[in-house]
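This report refers to the structure that appears directly beneath it.
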Amino acid sequence: MNEFFGPHWQSILESNKLTSFDDFWSLTTPWFEEPNFRRGGWSGVTTVSIQNNKQQRTLFVKRQENHTTRTWSHPIKGIPTFEKEFQNLQRFQQYGIPTLNLAFFCSRQQGNGQQAIFVTEELTGYQPMDTAVRDLTQQQRRHLLTAVAKVAYKMHLHHLQHNCFYPKHIFVKQQADTWSVKIIDLEKTKLTLTRQAATVRDLATLSRHSPNASFREQLYFLKVYFDEEKLSKTSKRLIKLIQRKINAKNHN
């Protein structure tokens, strides 16, 4: 059994009688996301409220069975998709890339089934980027784009390609003139041989799924991402590759 507690979380969970795989697996709270059945198994999300220093906190509890993905080290049997998400979350934390606050992870073999549990704290006060951007002024939108561009660059600097870099997977919270950014849903994230591969794939995805972003806003985002007031030849070449990726997807 592969078991991991997030920093400071073991004592908190113990005080709420959530100390083991079985404690989380047997929860009967209503589904937050009904189980989906694919990959030969199922995966679903529920929530549970806990107490810590007389304050209530909400945890998202993701559970799955025989819901696997193949990796280079496990090309046939595969590993639980939550185990891959856990590994990617550790990489994000290692490089200081903001993401979810992990409380508990565990995977096990139970009979003929691979089971996994992935528990994170609710992102209180955060909302998806595509929701947050709707009612902002132009200046506020620029502040938001600046924060997201810097996080995206840091992610790609370490050759981490999100692979589903949609606005709904970028959670943001306004703090005065700046924004706090958290990247979620890391189960499809992978390491790439080159930074360029991660940049092209993720920025093409983000652009395609940001239909309300003006040309000026997209140009501003790219200038912040590349940290260039005037785009260099290298950056322009990458932008052409991004646009080519967008065009190819739009014609499929």
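The values are calculated or read from the model by the stated rules, or taken from the named source; none is laboratory data. Quick caveat, the model's predicted, so the values are computed rather than measured. Cβ placement follows ideal geometry from the backbone for every residue including glycine, while neighbour counts extend to all protein chains displayed. Note: accessible area is taken over every heavy atom of the protein model, side chains too, but ligands, DNA and RNA are not part of it. Shrake-Rupley method; radii C 1.70, N 1.55, O 1.52, S 1.80 Å.
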Of the residues that sit in segment 67-101 and are among the charged types (D, E, K, R) and not in a loop (DSSP other than H, G, I, E, B), which one is least open to solvent (accessible area, probe 1.4 Å)? Glu85
Residues Phe92, Phe32: which one is touching a residue at least 40 places away in the same chain (Cβ under 8 Å) and aromatic (Phe, Trp, Tyr)? Phe92
Is it the case that Lys54 is closer than 21 Å to Leu123 by Cα and either buried (at least 19 other Cβ atoms within 10 Å of the Cβ) or in contact with a His (Cβ under 9 Å, 6 or more places away or on another chain) (or both)? no
Over segment 122-159, the set of residues over 19 Å from Gln94 (Cα atoms), over 14 Å from the mean Cα position of the chain (by Cα) and of a type in the set (Ser, Thr, Tyr) is Thr124, Thr131, Thr137, Thr146
Segment 20-50: number of residues that are open to solvent by 80 Å² or more (accessible area, probe 1.4 Å), of a type in the set (D, E, K, R) and out of contact with any strand residue (DSSP E or B) (no Cβ under 7 Å at 6 or more places or on another chain): 2
Does Phe105 satisfy the condition of being touching a helix residue (DSSP H, G or I) at 6+ places or on another chain (Cβ under 6 Å), touching a residue at least 24 places away in the same chain (Cβ under 8 Å) and assigned to a strand (DSSP E or B)? yes
Being in contact with a strand residue (DSSP E or B) (Cβ under 9 Å, 6 or more places away or on another chain) and more than 21 Å from Ile184 (Cα to Cα) narrows Gln64, Gln109, Gln93, Gln55 down to just Gln109
Among the numbered conditions (1) at pLDDT below 95; (2) within 25 Å of Thr124 (Cα to Cα), tell me where Pro75 comes up short. (2)
Selection within segment 1-52 - under 22 Å from Glu85 (Cα atoms) and acidic (Asp, Glu): Glu3, Asp22, Asp23, Glu33, Glu34
Hey, any hits in segment 121-138 for a residue that's modelled with pLDDT of 95 or more and over 30 Å from Tyr225 (Cα atoms)? no
Need a quick list: helices (runs of 4 or more DSSP H) entirely within segment 158-252 having at least 1 residues that are open to solvent by 40 Å² or more (accessible area, probe 1.4 Å) and over 26 Å from Thr137 (Cβ atoms). 195-208, 233-250
Filtering segment 102-152 down to residues that are aliphatic (A, V, I, L, M) and surrounded by fewer than 17 Cβ atoms within 10 Å (Cβ to Cβ) yields Leu136
Complete set of residues in segment 4-19 that are part of a helix (DSSP H, G or I) and open to solvent by 70 Å² or more (accessible area, probe 1.4 Å): Gln10, Ser11, Glu14, Ser15
